[in-house]
Structures are given as structure tokens and as C-alpha cells.
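Report on the following structure.
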Amino acid sequence: MTARDRCTSCNATLAEPGSTWFPCPVCGYEINRCHRCREQSIEYVCPKCGFRGP
Ligand SMILES: [Zn+2]
Ligand SMILES: [Zn+2]
């Protein structure tokens with residue numbers, strides 16, 4: 001299990017279906033989101049550049 005397998009917002013593991021990932025719009029860093037954070041629109045902070053997004 002690496003850092004890439006964890007939700008960027010809540011640090012939950014992404015073993016459950018419905019999780020997603022996308023590149024940071026600023027720096028392209030891989031942002032992971034679990035299904036729960038996606039449904040609740042929890043904001044994320046890019047660990048690389050500090051960008052905040054919905
Ligand atoms: Zn999450
Ligand atoms: Zn970034």
C-alpha cells in the first residue's frame with residue numbers, strides 16, 4: 001500500500017469502488033479521492049503545490 005492508494009482529503013484507503021483520481025489542475029500531481037469525499041464534495045489540497053479545490 002503506497003501513498004497513492006490513499007484519499008488525498010481524508011487519508012482513507014481507496015480499496016472501495018467509486019474512488020477516483022485526477023491530476024492537479026496546477027501541477028499535475030495525482031489527486032486521489034475516495035467515494036465518500038467525492039459525494040460530499042470535501043475540498044482537497046494538493047500535497048505538492050498547495051492548490052485547494054472542490
Ligand atoms: Zn476521502
Ligand atoms: Zn498541485
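The values are calculated or read from the model by the stated rules, or taken from the named source; none is laboratory data. Please read all numbers here as calculations on a predicted model, not as lab measurements. Cβ coordinates were reconstructed from backbone atoms using ideal geometry, including for glycine residues, and neighbour counts include every protein chain displayed. Each accessible area value is taken on the protein alone, full model and side chains, heavy atoms only, with ligands, DNA and RNA left out. Shrake-Rupley method; radii C 1.70, N 1.55, O 1.52, S 1.80 Å.
If only one of 36, 6 is under 10 Å from the mean Cα position of the chain (by Cα) and more than 16 Å from ligand 2 (Cβ to nearest atom), which one is it?
None of the others qualify; the one that does is 6.
Considering only residues that are part of a strand (DSSP E or B), open to solvent by less than 90 Å² (accessible area, probe 1.4 Å) and more than 14 Å from ligand 1 (Cβ to nearest atom), which ones fall in segment 1-52? Those that are part of a strand (DSSP E or B), open to solvent by less than 90 Å² (accessible area, probe 1.4 Å) and more than 14 Å from ligand 1 (Cβ to nearest atom): 23, 30.
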